[in-house]
1. Which condition from (1) of a type outside the set (A, V, I, L, M, F, W, C); (2) surrounded by 16 or more Cβ atoms within 10 Å (Cβ to Cβ); (3) closer than 26 Å to residue 339 by Cβ is the one that residue 288 breaks?
2. Name the one entry in 68, 119, 59 that is within 23 Å of the chain's Cα centre (by Cα) and aliphatic (A, V, I, L, M).
3. Does residue 308 satisfy the criteria of being under 16 Å from residue 271 (Cα atoms), in a helix (DSSP H, G or I) and outside the structural domain of residue 52 (by TED's automatic domain parsing)?
4. Restricting to the stretch 339-378, and then to whatever is more than 20 Å from the chain's Cα centre (by Cα) and aromatic (Phe, Trp, Tyr), can you tell me which residue is surrounded by the fewest Cβ atoms within 10 Å (Cβ to Cβ)?
5. Which one of these does residue 334 not meet: (1) touching a Phe, Trp or Tyr at 6+ places or on another chain (Cβ under 9 Å); (2) modelled with pLDDT under 95?
6. Any idea how many residues of the stretch 213-261 are surrounded by fewer than 16 Cβ atoms within 10 Å (Cβ to Cβ), of a type in the set (Lys, Arg) and closer than 21 Å to residue 276 by Cβ?
7. Do any helices (runs of 4 or more DSSP H) entirely within the stretch 179-260 hold 2 or more residues that are outside the structural domain of residue 123 (by TED's automatic domain parsing) and modelled with pLDDT under 95, and if so, which?
8. Identify, please: which residue in the stretch 373-391 is in contact with a helix residue (DSSP H, G or I) (Cβ under 6 Å, 6 or more places away or on another chain) and assigned to a loop (DSSP other than H, G, I, E, B) and is, among those, nearest to residue 408 (Cα to Cα)?
Amino acid sequence: MTSTEVVVVGLGKIGLPLAVQIAGRGHHVVGADVSPRVVESVNAAVPPFPGEFDLDRRLAEVVDRGTLTATTDTAGAVAGASVVVVVVPLVVDDDGRPDFAMLDAATGTIGPALRPGTLVSYETTLPVGTTRGRFTPALAAASGLTPGRDLFVCHSPERVFSGRIFADLRRYPKLVGGVDEASASRAVAFYESALEFDERPDLDRPNGVWDVGSAEAAELAKLADTTYRDINIAFANELARFAERLGVDVHGVIDAANSQPFSHIHRPGIAVGGHCIPVYPHLYLAGDPEARLPAVARAVNRSMPAHAVERLRAALGGLADRRVVILGASYRGGVKETAFSGVFDVARELAGAGARVTVHDPLYADDELRGLGFEPFHLGEECDAAIVQADHGDYRHLGPRDLPGVRVILDGRRVLDVECFAGAGVEVLTLGSG
């Protein structure tokens, strides 16, 4: 495929690195976003969010070269495009039901601006059947184009991890599924021109762009992966609680179990956060309401913050009026993102038990923590207890001087130097140890 005008709709933590990758392969890319701040930042070659490896350098290269620009005028950009890649998030409401408002709005903007022959690829994770049943008819009605003849639509799920997106784009096969054969063919040709792939002798077929046969198969492949991980983590959390009652270390048990070929049991954790694992099982259930395991796994994983706080309460002899610091607002270490972070449930449980709650996170300024509803904690201030909620690398170097007065720490991520604290008479608890 020759150099193509590509529009990437949604310049978030997935969309922007993807736009940079495509632009780096010689395509002219326009990134469209509803946020003027994001657009201004991208056009100034400054990443609008931290933590993505090599994004600053690669963004500067494609902006300086003129192969990537950004705009808030999505319709204007789409009018000149041969390919439109949609990376607008799909969220769920408090009851776990998909909220299509943002995606429907984006689709409504894209549709009337499409020109004949354009490929539209939805990379957002979706309930099975959404690409064909919801978005393709909307695009066709708004554009007057006919799918498979002069409108081409596919689903191609993102399979990357924040912080290492460029490496993951090379490491994992790019899955595509069209709503028809012509759409699939266009999608394969585009992504082969936009991506590069590592050699993967461990795979049954060469690494690259894989046509999985249909949009539904592509949607299901992503949901199968993430929902499986949620179920696996839920089992690890149940193992941890059982191990605590037995007085054994669940991590030794998991290590022994994983020594069997093909075994892989995740580690337990306070909460599973981020945009993926807490959300995508609900998207799976939206397409398969008869499924039982995903719903049970979600309930188990949601219960872990309360369990962690109860363990802390029992060890401390009560939490009323105790000064408790939560270490980590982010949903995981090194990523400045609080989507579905366990910090919110842990703070709520602690406050409900009467504790005086503060929060520390090396990635957030005091004003940012206050904006999230938390009272900031500074290392070196007095506290009675602590819960490690995020596995920031900085926390591996914490010692008693950073938490003066601390009596009990629940290390929910197993990142602390336990011997350092034990030598100072501090009790360190971990999930899954008696």
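1. Single failed check for residue 288: (2).
2. Values: 68 fails: within 23 Å of the chain's Cα centre (by Cα); 119 fails: within 23 Å of the chain's Cα centre (by Cα).
59 is the lone residue from the list that is within 23 Å of the chain's Cα centre (by Cα) and aliphatic (A, V, I, L, M).
3. Criteria met by residue 308.
4. Residue satisfying both the conditions and the ranking: 374.
5. (1)
6. 0
7. The helices (runs of 4 or more DSSP H) meeting that bar are 215-246, 250-258.
8. Step by step, filter the stretch 373-391, then rank; the result is 389.
The values are calculated or read from the model by the stated rules, or taken from the named source; none is laboratory data. Just so it is clear, the model here is predicted, and its values are computed rather than measured. Every residue, glycine among them, receives a Cβ derived from its backbone with ideal geometry; neighbour counts consider all protein chains shown.
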